[in-house]
1. Looking at the structure I just gave you, is Ala429 open to solvent by less than 10 Å² (accessible area, probe 1.4 Å) and either small (Gly, Ala, Ser) or closer than 15 Å to Ile490 by Cα (or both)?
2. Quick check on my filter: what residues within the range 281-309 are of a type in the set (Lys, Arg) and at pLDDT 85 or above?
3. With Leu207, Leu252, Leu227 as the choices, which residue is over 30 Å from Glu333 (Cα atoms) and either touching a residue at least 24 places away in the same chain (Cβ under 8 Å) or among the basic types (Lys, Arg) (or both)?
4. Only one of Asp267, Asp261 is part of a helix (DSSP H, G or I) and open to solvent by 40 Å² or more (accessible area, probe 1.4 Å); which?
5. Test each condition in (1) open to solvent by 10 Å² or more (accessible area, probe 1.4 Å); (2) within 21 Å of Leu42 (Cα to Cα); (3) among the acidic types (Asp, Glu) for Asp472 and report the one that comes out false.
6. Identify, from the list Arg184, Arg174, Arg170, the residue that is over 17 Å from Glu327 (Cα atoms), open to solvent by 70 Å² or more (accessible area, probe 1.4 Å) and either at pLDDT below 85 or in contact with a Pro (Cβ under 6 Å, 6 or more places away or on another chain) (or both).
7. Could you name every one of the strands (runs of 3 or more DSSP E) located completely within the range 58-129 that has at least 1 residues being of a type in the set (S, T, N, Q) and either farther than 25 Å from Met21 by Cβ or at pLDDT below 95 (or both)?
8. Regarding the range 351-368, can at least one residue be identified that is aliphatic (A, V, I, L, M), modelled with pLDDT under 85 and open to solvent by 40 Å² or more (accessible area, probe 1.4 Å)?
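The values are calculated or read from the model by the stated rules, or taken from the named source; none is laboratory data. These numbers come from a predicted model, not from an experiment. Virtual Cβ from ideal backbone geometry, glycine too; neighbours counted across all protein chains shown. Note: accessible area is taken over every heavy atom of the protein model, side chains too, but ligands, DNA and RNA are not part of it. Shrake-Rupley method; radii C 1.70, N 1.55, O 1.52, S 1.80 Å.
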Amino acid sequence: MLETLIIRNYALIDNVSLRFMPGFTIITGETGAGKSIMLGALSLLLGERAETKAISDKSRKSVIEAVFSHPDPDLEMVFEEHGLDWNPAEILVRREISPSGRSRAFVNDSPVTLPVLTAVTGNLVDIHSQHSNILLSQSSSHLAIIDAFCGNGQMLSEYRADFGKYVTLRAKIRKIRQRLEKNRENRDFIAFQLEQLNKINPKEGELRQIEQEFDMLSDADQIREDLGTAYNQLDGGDNAALGSLTEGLSYLSKVNLSLFDEDGGDDIMRRLENVRIELKDISETVRDYLDRVDSDPGRLAKVTSRMNLLYDAMKRFKVADEDALIELHRELESKLNAIDFGDDDVAGLEQEARVLAKELKSKAEMLTVSRKKGAKEFAVRLVETAIPLGLPNLRFDVELSQGKLTADGQDCMEFVCSFNKNHQMQPMAQVASGGETARLMLSIKSIMAKCMNLPTVIFDEVDTGVSGEIADKMGAMMKRMGVDMQVVSITHLPQVAARGDSHFKVYKTDEEERTVSHVRQLDYEERVAELAGMLSGTEVNEAAMMNARSLLEG
């Protein structure tokens, strides 16, 4: 249940801290005193959009905070899903709006996104406003009411998961078909391009290799001359470096180098030998290079032709390099295969879609069976609940029809009713007045309270359009609801206000620079005075006070 609500720096409210009790709580106050502001603040905790214009003091942030005690243990799964700390004793929810417009939300002091905030608080409190009465007249909400009454949540969740897969699969098939159709229009051109590339048959690394070979073949004579000269200087000539080094080693070996060095010159001889071996290896490598130089004009012509062919292909197909040309070759092969054999893939996906559609149809029919059974029971219970609220001639039914599969199944639903004898039942939006809609909605909430397992329901002037005995009965109904759950009602009717287990009054005062809303809990005598004012207006006389006491004691 909602235990504590704190509102700071929000619209006309500077700082309000309320502690709610179980049962039936009443909130009263003059029009414009700030009752709707309280609901607006609480709605922010349900994920509603935050606006900076609601911040009264632009130098500090606006904060709305609530504590919900003894949450339903089933809610722990939602906390686990979103990585939130679970406290079985209470849940702390906070929303902060900075003057810059930035909004932040917290659950148990952990920052969360608005969708996560809504997932949590949507299981804690339900705010019913006059706008909700309007929604009751819309057939789109009727299906949700019956599903909640029937307990179809799990079944509907599984159906929607499969429906999402089906929609995704159909979109994939449609996309493939569109691509195939577009490719078929270009098949001849794709086939022509592929034929050209097949003739060229580019290979990975080929161009780099033949460019190197071209460089060698086109300048073979000069390369041979330079390599030959280098080889002669190293090993092949009369004054070659290797021969001179070998001769130097020979002379050194005749000298007693121990006269100059403790190790007898072993180190210098070893180093010179290493140089000789390294120089010998280098000279042999240069000789190998020389042997590999080929000045074959025929080979040069072939290499030149192949290189130019690849260059022309890259230019013709507008690609940057050899790798891109090879990738294009693969893509064209893939496209042509998809055109010629793509229908086989689509056929497989179509079969998969047919199987999924059959499963969807089966689950939709299970939903239909549940809804038909639940709709009959719901209609009976609604009539039984609403007739005592001054609707003695009420007839109510749920019309169910089938259409194409949607995210909600195959069913279309319409609430139809009649409030007068000998009148045909018609859609609720066409026959229900504001007061009648309010009484029906309260009856529905009374029926649904236990089905939805919501710990707290807040009614914002649900009793609009009624008075007298009917108002008293609506108050009694809300009080009965308060036995199983926490019920909060904002009302202008003394008959409803008298039924409350606790009573808060919203009022405003004019300060030096601004008007401020306040909220205080009323004791018994204050409640008597408040009810007397609601009964008689500005002039509160003894008769009104006696009537107020009678209402409270009754």
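1. Answer is no for this residue.
2. Of everything in the range 281-309, those that are of a type in the set (Lys, Arg) and at pLDDT 85 or above turn out to be Arg287, Lys302, Arg306.
3. Leu227
4. Asp267
5. Here Asp472 meets the rest and fails (2).
6. It is Arg184.
7. Fully inside the range 58-129 and qualifying: 62-69, 103-107, 110-112.
8. no
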